[in-house]
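Have a look at the structure below before the remarks.
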Amino acid sequence: FVNPPYNRELRQWVRKARIEAAAGRASPVIGLIPARPDTTWWHADVAGHADVFMLRGRLRFGGKDGGAAPFPSALALWGGNQEHRDGLRAAFPDAWYIPAS
């Protein structure tokens, strides 16, 4: 599981997740990432390469100063099998599931 930094390094983390899963060096790789299908990195390394679970609403943070994330989030599953997909679908029943092609 990876929760990459949400800065300029995000693109490299997402690319590395795809490459490592495709090469069989890591399986599965599940990434909590911003839901940004309008970006180049999404089309290069997520769309068609990973099963995507678009999370409903905004993530909320616990704690004293908890609040909501300023953007929508998604889980990307690279290199997963049916058991992994079923587990994520059960854990996130409200998520919009988009299978990899």
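Can you pull out the trypsin sites (Lys or Arg not before Pro) in segment 38-101 whose DSSP state is coil and whose Cβ has at most 11 other Cβ atoms within 10 Å?
Filter output for segment 38-101: 64.
Which angle between 0 and 90 degrees, to the nearest 10, do you get for helix 10-22 versus the longest principal axis of the chain when only C-alpha atoms count?
Tilt of helix 10-22: around 40 degrees.
What ranking of 61, 92, 71 comes out by heavy-atom accessible area, probe 1.4 Å, highest first? Don't jump to the answer; show the numbers that get you there.
Details: 61 120, 92 80, 71 35 Å².
The residues order as 61, 92, 71, largest area first.
What does the charge count around residue 50 come to, taking other residues whose C-beta lies under 15 Å from its C-beta (Lys +1, Arg +1, Asp -1, Glu -1)?
Overall, the nearby charge balance is +4.
For segment 22-101, what is the charge dipole size about the Cα centre, in debye to the nearest 20, if Lys and Arg each add +1 at the Cβ and Asp and Glu each add -1 at the Cβ?
I would put it at about 200 debye.
Expressed as an acute angle from 0 to 90° and rounded to the nearest 10, what is the orientation of the C-alpha long axis of helix 82-91 relative to the principal long axis of the chain?
10
So for the chain, taking the charge dipole from beta-carbon charges (+1 Lys/Arg, -1 Asp/Glu), which of 79, 2, 92 sits furthest toward the positive end?
2
Could you point to the label whose value was computed as percent of Cα pairs over 24 Å apart for the structure here, given (i) 43; (ii) 29; (iii) 19?
(iii)
Compare 57, 31, 80 in a GNM of the chain, Cα atoms joined below 10 Å, and give the one with the largest fluctuation.
57
Only loop residues by DSSP count here, and only those with at most 15 other Cβ atoms within 10 Å; note down the trypsin sites (Lys or Arg not before Pro) in segment 10-50 that meet that.
Within segment 10-50, the qualifying trypsin sites (Lys or Arg not before Pro) (loop, at most 15 other Cβ atoms within 10 Å) are 25.
Ignoring ligands, DNA and RNA, what percent of the accessible area of segment 30-101 is carbon or sulfur (1.4 Å)? All intermediate terms of the calculation are to be shown ahead of the outcome.
Working: 2220 of 4160 Å².
Its accessible area is 53 percent carbon and sulfur atoms.
Amide H neighbours of residue 74 under 5 Å, counting only residues 5+ apart in sequence or on other chains, H built in-plane at 1.01 Å?
Those qualifying (amide H under 5 Å, at least 5 residues apart or on another chain) are 33, 35, 55.
Tell me the per residue accessible area of the chain using a 1.4 Å probe; a whole number in Å² is fine.
62
The values are calculated or read from the model by the stated rules, or taken from the named source; none is laboratory data. On a predicted model such as this, the values are computed, not experimentally measured, just so you know. Here Cβ is always computed from backbone atoms with ideal geometry, including for glycine, and neighbour counts include all displayed protein chains. Note: areas computed on protein heavy atoms with side chains; ligands, DNA, RNA excluded. Shrake-Rupley method; radii C 1.70, N 1.55, O 1.52, S 1.80 Å.
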